[in-house]
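Colleague: Encoded as structure tokens, here's the structure I'll be asking about.
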Amino acid sequence: MKRIGVLTSGGDAPGMNAAIRAVVLTAAAAELEVIGFEYGFNGVLEQQYFSLTPHHVNHLIQHGGTLLKSARCQAMFSDDGVRQIAAVLHELAIDALVLIGGDGTFRGAMALSQYYQGKLIGVPGTIDNDVDGTDFTIGFHTALDTALDAIDKIRDTADAFERIFLVEVMGRHTGYLAVAAGIAAGAEQIICPELAAELDTDKILQHIRSAQQYRGRCSYIIVVAETMYPGGASALAAELERQGVDCRASVLGHIQRGGRPVGADRILATKLAAYAVEQLLQGAHLVMAGEVNGEAVLYPLAKTGDKQKQVDPYLLAWQQRVAQY
């Protein structure tokens, strides 16, 4: 193995730059050339790439975003597009490709494996933490801190006006971020797929009125995972208003993806990306580098999207027990 490629794909996550840095430094120590492809798989298709050396990653670890940029690639949804991407990798003599991203990126890797003769390995980078085979994904801890900081500030103004707030966090179809942010912020309610298959406004109102019965007029925070209600938290706030509850909605949105990665994400990114390169040298293929119980592990790429990983059941049960207080 002489030359490897690296790309970041899908939604960006704080710590992706730390992962790129670890790939480059580990490869340099093994005398491997690293080619960085820009804009995910698009950079392969359009041949937008450059040679990455340790010089390029100096003082990169503390920066959010991704040096290589990111994008979703429409060509990956067709056999012709995937074939073209594989052909470019062969033409450039890329012996292996490191893919930093989430489940969509890894699905793309599986499609590419049908035509690409080199090795493929994933590094999980997504704030959603919805990838099987690793306890945490790169970016989750930073997104949690960002969401928590915002909710703490919202609590201050909610206290000042004794007002009800709905705070919408990212997570697509999972509640990892909602549960973690909600519990850490002391939210009165958390609404996420793991706690309710369908959102029940009557139950939400019942919880609010129960809390007001115990505490009187008070601030009240509900953390809502995105996609839990058609139109999001703003539409849900309007519905609760229609039913006589004065509340406000705050959608945190893309601020959760940005910012300087916290220490936990920098360390995790360094560990997983370095481990990925080392395992490529040992022949690893079609696997993801993850961390389980503090140990670096390899997990089949084909299974990373199976959604077997679960939000902590103890915390979910505890939140349900105390929600009325």
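Colleague: If you scan the stretch 109-119, which residues turn out to be touching a residue at least 60 places away in the same chain (Cβ under 8 Å) and open to solvent by 10 Å² or more (accessible area, probe 1.4 Å)?
Modeller: Of everything in the stretch 109-119, those that are touching a residue at least 60 places away in the same chain (Cβ under 8 Å) and open to solvent by 10 Å² or more (accessible area, probe 1.4 Å) turn out to be M110, S113, K119.
Colleague: Ok, one more. Could you name every one of the helices (runs of 4 or more DSSP H) located completely within the stretch 136-251 that has at least 3 residues being at pLDDT 95 or above and closer than 27 Å to G104 by Cα? Spell out the reasoning first.
Modeller: Working: elements: 140-161, 176-185, 201-215, 232-242.
Helices (runs of 4 or more DSSP H) meeting the threshold: 140-161, 176-185.
Colleague: Something else now. Exactly one of these conditions fails for D130: (1) assigned to a helix (DSSP H, G or I); (2) within 21 Å of G263 (Cα to Cα). Give me its number.
Modeller: Of everything listed in (1) assigned to a helix (DSSP H, G or I); (2) within 21 Å of G263 (Cα to Cα), D130 misses just condition (1).
Colleague: It is to be established whether one or more residues within the stretch 191-203 are open to solvent by 20 Å² or more (accessible area, probe 1.4 Å), touching a Ser or Thr at 6+ places or on another chain (Cβ under 8 Å) and at positive phi.
Modeller: no
Colleague: Let me ask something additional. Among the numbered conditions (1) open to solvent by less than 40 Å² (accessible area, probe 1.4 Å); (2) assigned to a loop (DSSP other than H, G, I, E, B), tell me where G122 comes up short.
Modeller: The number of the failed condition is (2).
Colleague: Under the condition of being open to solvent by 70 Å² or more (accessible area, probe 1.4 Å) and either part of a loop (DSSP other than H, G, I, E, B) or basic (K, R) (or both), which residue from the stretch 39-58 is farthest from S78 (Cα to Cα)? Quick ask: steps written out before the conclusion?
Modeller: Of all residues in the stretch 39-58, those open to solvent by 70 Å² or more (accessible area, probe 1.4 Å) come to 39, 46-49, 55-56, 58.
Retained after the next criterion (residues that are either part of a loop (DSSP other than H, G, I, E, B) or basic (K, R) (or both)): 39, 46-48, 58.
Working: Y39: 18, E46: 16, Q47: 18, Q48: 20, N58: 37 Å.
Going through the qualifying residues, I end up with N58.
Quick grid of which residues meet (1) in contact (Cβ under 8 Å) with a residue 40 or more places away in the chain; (2) in contact with a helix residue (DSSP H, G or I) (Cβ under 6 Å, 6 or more places away or on another chain); (3) open to solvent by 10 Å² or more (accessible area, probe 1.4 Å); (4) in a loop (DSSP other than H, G, I, E, B):
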site	(1), (2), (3), (4)
A19	yes, yes, no, no
V23	yes, yes, no, no
T26	yes, yes, yes, no
I61	yes, yes, yes, yes
L68	yes, no, no, yes
A75	no, yes, yes, no
V82	no, yes, no, no
I85	yes, yes, no, no
L99	yes, yes, no, no
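The values are calculated or read from the model by the stated rules, or taken from the named source; none is laboratory data. Everything quoted here is computed from the prediction, not taken from an experiment. Please note: Cβ atoms are built from the backbone with ideal geometry, for glycine as well, and neighbour counts cover all protein chains shown. With ligands, DNA and RNA removed, areas are computed over all heavy atoms of the protein, side chains included. Shrake-Rupley method; radii C 1.70, N 1.55, O 1.52, S 1.80 Å.
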